[in-house]
Amino acid sequence: MICGKCRQEIEQHYGGDFCKRCFCGIIERRIRKRIRQEGLIAKNDCLIIDDDLCLHVIKDIVQGMPILIKRSGRGKKVLPYTMDDEINEFFGVLFNGKDIKNALENEKIGENSKNDIKLFQNITGKELKEYAGIKGLNWEKDYNKPYKKILDELEKKHHETRASLYNSLNELRRILGQKN
């Protein structure tokens, strides 16, 4: 098998058709891009990180940036929140007959404070588990969420369902933000 990015011969593939190095690079670039685009981390921020995988990723991403990282206290909390978490909450609103507009406007979907950073919001749980395995870190998160089975079935039938749902949710947020 050949890596879909660097075209080198590989024995085991990750995230589809990538070697370890390329797969990790893709995941880290996606996280880095989101942090930059949304302005989630700035110079001299104090980040509260109590998850080892979040700590590892943040240290790799913010190299040289003057920030303070602590395990507890006051500051921006870095949460191991994935795309699967976001979609599960969206399904909870959708399937329980709640008002989507109200939930999005009041941040009931992906609810957090302004000081929280959902580090893996644009990464699926499966991708994150593969990434953690490559980095030699443990990533065991309870994905027995109420709508996991529905999401897994949709993903089997329609590849990229998670990404499409996540993008649609962000577009809904954008549209609602423009109307306010």
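Just a few scattered comments:
- Beta carbons closer than 6 Å, at least 6 apart along the sequence or on distinct chains, pair a first residue in the stretch 26-54 that is closer than 11 Å to Leu119 by Cβ with a second that is among the charged types (D, E, K, R) and crowded, with 18+ Cβ neighbours inside 10 Å for Leu47/Lys76.
- Test: residue in the stretch 147-165 that is part of a helix (DSSP H, G or I), at pLDDT below 80 and surrounded by fewer than 19 Cβ atoms within 10 Å (Cβ to Cβ): no
- Elements of the type helices (runs of 4 or more DSSP H) sitting completely within the stretch 1-100 and holding at least 1 residues that are among the basic types (Lys, Arg): these cover 20-38, 52-61.
- Filter result (surrounded by 13 or more Cβ atoms within 10 Å (Cβ to Cβ) and under 17 Å from the mean Cα position of the chain (by Cα)) within the stretch 168-177: Leu169, Asn170, Arg173
- Which listed residue is surrounded by 15 or more Cβ atoms within 10 Å (Cβ to Cβ), at pLDDT 90 or above and over 14 Å from the mean Cα position of the chain (by Cα), from Gly92, Gly75: Gly75
- Here Ile10 fulfils each of the conditions (1) under 30 Å from Lys77 (Cβ atoms); (2) free of Cβ contacts under 8 Å to residues at least 12 places away in the same chain apart from (1).
- Sub-9 Å Cβ pairs linking a first residue in the stretch 129-145 that is modelled with pLDDT under 75 to a second residue that is not in a helix (DSSP H, G or I), at least 6 apart or interchain, are Lys141/Pro80; Lys141/Thr82; Tyr143/Thr82, ordered by first then second residue.
- Evaluating Gly4 against the criteria (1) surrounded by 14 or more Cβ atoms within 10 Å (Cβ to Cβ); (2) under 15 Å from the mean Cα position of the chain (by Cα) leaves one unmet condition, (2).
- One residue stands out among those in the stretch 117-138 that are of a type in the set (A, V, I, L, M, F, W, C) and in a loop (DSSP other than H, G, I, E, B): the one that is farthest from the chain's Cα centre (by Cα), which is Leu137.
The values are calculated or read from the model by the stated rules, or taken from the named source; none is laboratory data. Because the structure is predicted, anything quoted here is derived from the model rather than measured. Note: ideal-geometry Cβ built from the backbone for every residue, glycine included; neighbour counts use all protein chains shown.
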